[in-house]
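Below is one structure, written out as structure tokens; comments come after it.
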Amino acid sequence: MDKFDVVIIGSGAGGAPIAHTLALAGKSVLVLEKGPLLRTQDQDPRGLSDFKRDELYGTGPEKRLTVPGMANQGESYYGSHVEPDINDEPHVYVGRDGRDRATIEGYTAQVIGGGTQLYGAVSLRFAPMDFRLQSFNAGRTDLVDDPTGDVQREARDWPIDYDALEPYYGQAERLIGINGTATNQAKPFSAEHYQTPLNPNAISRFVEVGMDALGMPRYRTPLAVITADHSPSGRRIPAGDEPAKTGYVNRYGDPLGLKSNTWVALLAPLAGRPNLEFRCNCVVTHLSQSNGRVTGVRYRDPAGRPVTVEGDLVVVACSAIESVRLLMLSAEESQDFAGRIYKSGLLGKYFLTHCFGGAESAMPGRYDKSVSLDSDWATDFCAGEDFIRANGLWAGGAMYNNTSDQALPISLARTHGSQDLDTIWKAFVEDTGLTGQALVEFFDRDFGTRLSVSFMANQLPLPSNRIELHPAVRDKWNRKAAYIIKDWHSHDIHLMNTLAAQCAAVLRFGGDEGRGNYPVEGFGGIYLAENARARIANHVLGGARFGSNPNDSVLDPDCRAWEFDNLYVTDGACMPTSGSANPTLTIQANAFRVADRLLERL
Amino acid sequence: MAVRLIAKDDQYVLNHCTKYLARENPEPRHVYGPDAGIEVARIAEAWRFPIIDGHRDPDEQAASQAFNEVTFVYLAAPGALPTEVAVIGSFANLYEPLAMRQVGDTPYFTLTAVVPRGEAHSYRFLVGGEALLDPINPQRMTLDNGRVWSRFFTQDCTIPLVLEHWERRLLERLCDHILPFRTPTAENFLARFYDYLDRQARDAQYPNAYRFDASVGVVNYIDKLLAREESHHQADYRICLDLINQVVRQRNPFLDPARMARDLYVTLYEEMGRNDVPGWDYGRYGTPRYFLQLLRRHTFTGAFAHPKYGGNAGTAAWAWLAERYRDGDGETLFDWGRALEPPYGRNPAYRG
């Protein structure tokens with residue numbers, strides 16, 4: 001059997017930092033990745049990338065849902081070339097009517113680099129407050145819409161604080177390659193490693209004006225896209241005028257490798273070292289253990305044949321739902337594994353995403369939104385203690401604008417009236433009056449004019465929001481599918497309403513030079529969506545939280561499973577609370593932190 | 001001339017196989033056309049095979065853009081590894097058998113050929129002396145001798161594959177109505193744009209562009225979509241175009257449907273939108289509105305997608321947006337060519 005110092009399952013934000021650190025230290029590292037090893041132009045022998053600037057790569061052709069027993073059987077679905085096929089690998093959620101539906105929500109991309117290939121690249125730090133929400137909320141009597149005291153019962157401090165993670169935020173920012181500005185962020189920086197941001201898209205001026213009028217300190221949204229040659233990864237900027245700005249950023253892999261996914265930033269620079277091996281197109285089916293030591297990692301090779309490998313340390317980081325599912329599937333194979341992993345009874349519980357939503361409007365004038373990254377301005381106005389207390393909130397969130405939404409014609413039409421993959425194209429095809437002259441007017445109104453401001457905020461952790469194994473639905477390997485049961489707490493709804501109103505205010509003040517009367521077409525939280533229970537924003541968090549008390553967590557403060565000697569979980573699953581920002585940078589920073597702990601052991 | 005073959009590495013082939021082909025659950029979960037068969041229903045996105053990809057020869061960059069790389073994959077049955085697998089087809093010299101190599105020790109056999117864009121070809125696999133249809137790719141074509149072979153087509157293909165001549169003409173009328181290009185300003189734009197693309201430019205940049213017409217090649221895009229990615233919708237088009245043909249002929253028995261007045265199609269379109277079409281055979285197809293919705297998505301996508309998919313002829317739809325939306329200085333507010341590869345766009349780094 002192949003044996004390695006460490007076997008890492010997943011090559012995205014939770015796995016790649018560990019592979020990078022340990023491979024650099026000379027340890028033997030195997031990375032198992034379920035998806036393909038897709039290359040940039042520079043890495044391809046022909047000089048052609050497997051990623052394209054092609055709108056049909058963002059959402060492919062229509063497919064028909066056939067998963068037995070699903071209420072949405074027969075409905076259309078769409079996915080990118082590196083997202084799983086729902087018929088083969090469904091995630092099942094319980095809708096408002098109590099019926100099961102298959103969804104693509106809650107999947108990050110399955111490809112080398114994981115979710116960081118398709119993400120919007122927003123790379124914010126969490127605020128110090130995010131790490132101590134239990135302490136912050138202790139004894140408060142001013143929380144709105146929390147009639148049964150869930151905040152005080154369920155909020156948890158992280159077992160590490162901001163200061164412990166701060167050096168690793170810096171390390172991640174430096175090694176990943178992120179542009180942005182630190183001034184005005186509500187997060188202390190011991191050093192700034194950002195590259196210089198590109199000029200904002202002209203439409204973002206409305207956000208600048210709006211935030212200034214409202215006294216919201218703003219900064220350039222940190223984005224994981226390099227804007228200058230990046231020596232840690234050896235990537236160089238090609239000739240051209242701001243070549244990273246294309247409109248093909250969010251939801252697209254980058255053929256030039258300027259978007260800083262974990263493959264181009266952390267893994268590819270070390271490829272070729274004899275002690276680092278990538279096995280792509282390999283899906284791990286379960287782990288076996290003996291006396292609390294994971295002794296075998298079993299996977300299917302690219303042809304589907306079973307293979308077992310061994311690691312002194314085993315790191316699970318295949319995005320929270322799939323990581324939790326892998327632990328549960330392993331527990332089904334072995335009572336002893338089950339007894340250990342379920343000891344606290346919390347595996348799968350406290351599944352989290354973010355409270356998210358925002359505001360959107362057509363702004364005065366027209367702009368070329370295709371010359372854009374994804375976001376230009378951000379503010380921590382809603383992450384500070386004053387704002388949180390003044391609004392009776394348990395926690396805060398970040399706000400930032402999106403410029404690349406609907407920047408290209410097909411994305412404009414397919415997201416007409418919808419923002420997610422489950423309902424994409426729906427409104428456009430049903431709006432049958434949109435033809436000929438009416439279609440011209442649709443373009444006149446919406447093409448190059450629309451601007452959105454989003455928020456990303458903490459969701460209250462609840463044991464009832466959870467991941468299970470579905471009793472009946474199987475994936476293409478005959479393994480039980482993930483079953484996602486979640487809903488929004490009344491306080492989440494209050495929080496979303498509060499932050500959505502702030503987003504709307506930015507546009508209302510931004511649209512008319514600070515007078516505050518510009519009409520905003522729509523704003524709200526994601527709980528309002530038809531499929532609100534499914535919506536995850538690809539921020540899959542929790543389900544195996546880490547903590548200092550073995551009875552109250554699945555993982556110890558180093559992300560090691562409590563009853564195991566060598567099993568670690570380092571993706572978003574470890575998060576006890578979801579943070580006030582997009583999670584990727586924090587997952588990366590924490591993985592760098594855990595990597596240092598692992599080095600001490602090896 | 002012998003076909004050019006390319007050695008692709010194992011990683012490339014496996015990258016395009018595992019997600020779609022490797023599995024254990026035998027449930028037929030994937031929907032293709034009615035004739036695709038149950039084995040194909042156990043494959044995700046069977047239409048991806050053979051793999052059609054861009055080609056680039058670093059020594060002949062410009063010339064190589066006229067070609068695709070076509071990677072054939074044969075998946076041997078478990079426990080029955082054949083000693084030799086080959087592919088024969090119209091893309092190669094006189095149907096010469098081309099030996100496929102085994103990918104590592106896997107049951108995948110593969111071969112990559114360089115084939116010009118804009119073509120459609122027949123092929124079979126030679127396994128154990130038998131000439132087999134491709135068990136993965138559901139595309140078929142009937143040769144002149146009546147034999148059925150597997151088929152693939154390359155990017156920018158304008159050869160009609162699925163729709164009959166009368167179906168295409170009828171479809172064009174419907175697509176015209178959905179798209180913005182029948183409005184006076186857009187018609188004016190298209191006339192100028194197509195005129196501006198003089199013959200030389202057309203031949204050099206868009207040799208395969210379907211037709212420079214008001215539906216910007218969308219009908220060709222739909223034909224290709226029905227041949228491959230969305231072959232499960234072939235039946236919808238077959239039945240509904242037949243029914244539409246009947247309905248419009250009832251309404252005007254004296255004219256060829258493709259020549260009937262625009263108003264007639266506008267009325268029909270609105271009736272389909274209401275799911276209430278007098279004369280429609282609801283027994284054969286219950287929801288004309290569903291077909292209209294399908295057509296809306298296909299038409300819009302075809303018009304505004306990358307031209308390699310067969311629509312957006314000569315990038316006309318992008319150019320229309322680029323001209324319509326300009327700032328006070330006349331600079332475009334949709335500079336799509338900035339990001340895209342030559343010859344469509346002008347990005348110096350991105351190669352498509």
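Where a number appears in this text, it was derived from the coordinates with a stated rule and is not lab data. Remember, predicted model here, so these are calculated numbers, not experimental data. Cβ atoms come from the backbone with ideal geometry, glycine included; neighbour counts cover every protein chain shown.
Of note:
- Only one residue of B:A317, B:H232, B:Q293 has its Cα farthest out toward the positive end of the dipole of the range B:226-352, where Lys and Arg carry +1 and Asp and Glu -1 on Cβ, and that residue is B:H232.
- In the range A:492-572, taking the dipole from charged Cβ atoms about the Cα centre, the farthest positive-side position among A:G516, A:A505, A:L567 is held by A:G516.
- Listed by Cβ neighbour count within 10 Å, with the fewest neighbours leading, A:I112, A:I203 appear as A:I203, A:I112.
- Helix B:234-251 vs. chain B, principal-axis angle (Cα, 0 to 90°, nearest 10): 30 degrees
- Full extension of the chain segment joining A:N291 with A:R445 gains 49.0 nm, where the gain is 0.36 nm per residue of separation less the Cα-Cα distance.
- Whether the range A:176-326 is rounded, prolate or oblate, judged on the alpha carbon gyration tensor where a/c under 1.5 counts as rounded: prolate
- Annotation: extensible slack from B:I6 through B:N252 equals 83.0 nm (criterion: 0.36 nm per residue apart, minus Cα-Cα distance).
- Residue-averaged beta-carbon neighbours from other chains (10 angstrom radius) around A:86-98: 2
- Computed from the Cβ-Cβ distance with R0 of 30 Å, the FRET efficiency linking A:Q73 to B:R238 stands at 0.80.
- Label-point separation, A:E600 to B:D105 (7 Å along Cα→Cβ), nm: 4.1 nm
- The residues A:T148, A:T432, A:T353, when put in order of fewest to most other Cβ atoms within 10 Å, stand as A:T148, A:T432, A:T353.
- Here the protein assembly as shown is assigned +1 on the Cβ of each Lys and Arg and -1 on the Cβ of each Asp and Glu. Its dipole about the Cα centre then comes out at about 860 debye.
- Reduced Cα scattering model of the range A:58-202, Debye log10 I(q)/I(0), q = 0.09, 0.10, 0.12, 0.22 Å⁻¹: -0.53, -0.65, -0.87, -1.18
- For the range B:292-352, the normalised intensity computed at q = 0.16, 0.17, 0.26 Å⁻¹ comes to -0.58, -0.64, -1.06 (log10 of I(q)/I(0), Debye sum over alpha carbons, equal scatterers, no solvent).
- For the protein assembly as shown, the spherically averaged projection of the C-alpha convex hull amounts to 38.2 nm².
- Shown in residue order for the range B:295-312 are the 3J(HN,Hα) couplings computed by the Karplus curve 6.51 cos²θ - 1.76 cosθ + 1.60 at θ = phi - 60°: 5, 4, 5, 5, 5, 5, 4, x, 5, 10, 7, 4, x, 4, 7, x, x, 6 Hz (x for Gly and Pro).
- Overall Cα dimensions of the range A:144-230, principal axis frame, Å, largest first: 51, 34, 18
- Inter-chain Cβ neighbour count for B:336-348, averaged per residue, equals 4 (cutoff 10 Å, partner chain atoms only).
- Integer Hz, Karplus 6.51/-1.76/1.60 couplings in order for the range A:62-74, x for Gly and Pro: 6, 10, 10, 6, 10, 4, x, x, 8, 5, 9, 4, x
- Put in order of Cβ neighbour count within 10 Å, fewest first, the listed residues A:R99, A:R535, B:R169 become A:R99, B:R169, A:R535.
- Protection proxy ranking of A:133-142, A:355-364 - average other beta-carbon atoms within 10 Å, highest first: A:355-364, A:133-142
- Positive contributions from Lys and Arg (+1) and negative ones from Asp and Glu (-1), summed over other residues with Cβ under 14 Å from the Cβ of A:T181, come out at -1.
- Put a plus charge on the Cβ of each Lys and Arg, a minus charge on the Cβ of each Asp and Glu, and nothing anywhere else: the dipole of chain B about its Cα centre is then about 540 debye.
- Residue (of B:G33, B:L126, B:A66) at the positive-pole extreme of the range B:1-136, dipole from beta-carbon charges: B:G33
- Efficiency of FRET between B:D35 and B:A261 - r from beta-carbon atoms, R0 41 angstrom, step 0.05: 0.65
- Separation of the B:H165 and B:L133 label points, Cα + 7 Å toward Cβ, nm: 2.8 nm
- Here's how it looks for A:H286: its modeled amide H is under 5 Å from those of A:R298, which are all 5 or more places away or on a different chain.
- Reducing the range B:232-301 and the range A:506-560 to their Cα centroids gives an inter-centroid distance of 44 Å.
- Against the main long axis of the alpha-carbon atoms of chain B, helix B:165-178 sits at an angle near 60°.
- Hypothetical label at A:E242: residues of the range A:257-277 whose amide nitrogen lies under 20 Å (7 Å Cα-Cβ projection): A:257-260
- For chain A: relative contact order, % (alpha-carbon pairs under 8 angstrom, 6 or more apart): 23 percent
- The protection proxy used here, the mean number of other Cβ atoms lying within 10 Å of each residue, ranks peptides B:272-279, A:52-59 as follows, highest first: A:52-59, B:272-279.
- Degrees, to the nearest 10: A:436-446 long Cα axis against longest axis of chain A: 80 degrees
- Equivalent ellipsoid semi-axes - Cα gyration tensor, the range A:5-111, angstrom: 33, 21, 9
- Modelled this way, with points 7 Å down the Cα-to-C-beta line, the labels at A:A191 and A:D163 are 1.9 nm from one another.
- Share of alpha-carbon pairs per 20 Å distance bin for chain B, given as whole %: 26, 53, 21, 0
- Legend: mean number of C-beta atoms from other chains within 10 angstrom of residue C-beta atoms, peptide B:271-277, equals 1.
- Karplus-derived 3J(HN,Hα), 6.51/-1.76/1.60, for each residue of the range A:155-164, Hz, glycine and proline x: 4, 10, 6, 6, x, 10, 9, 4, 5, 5
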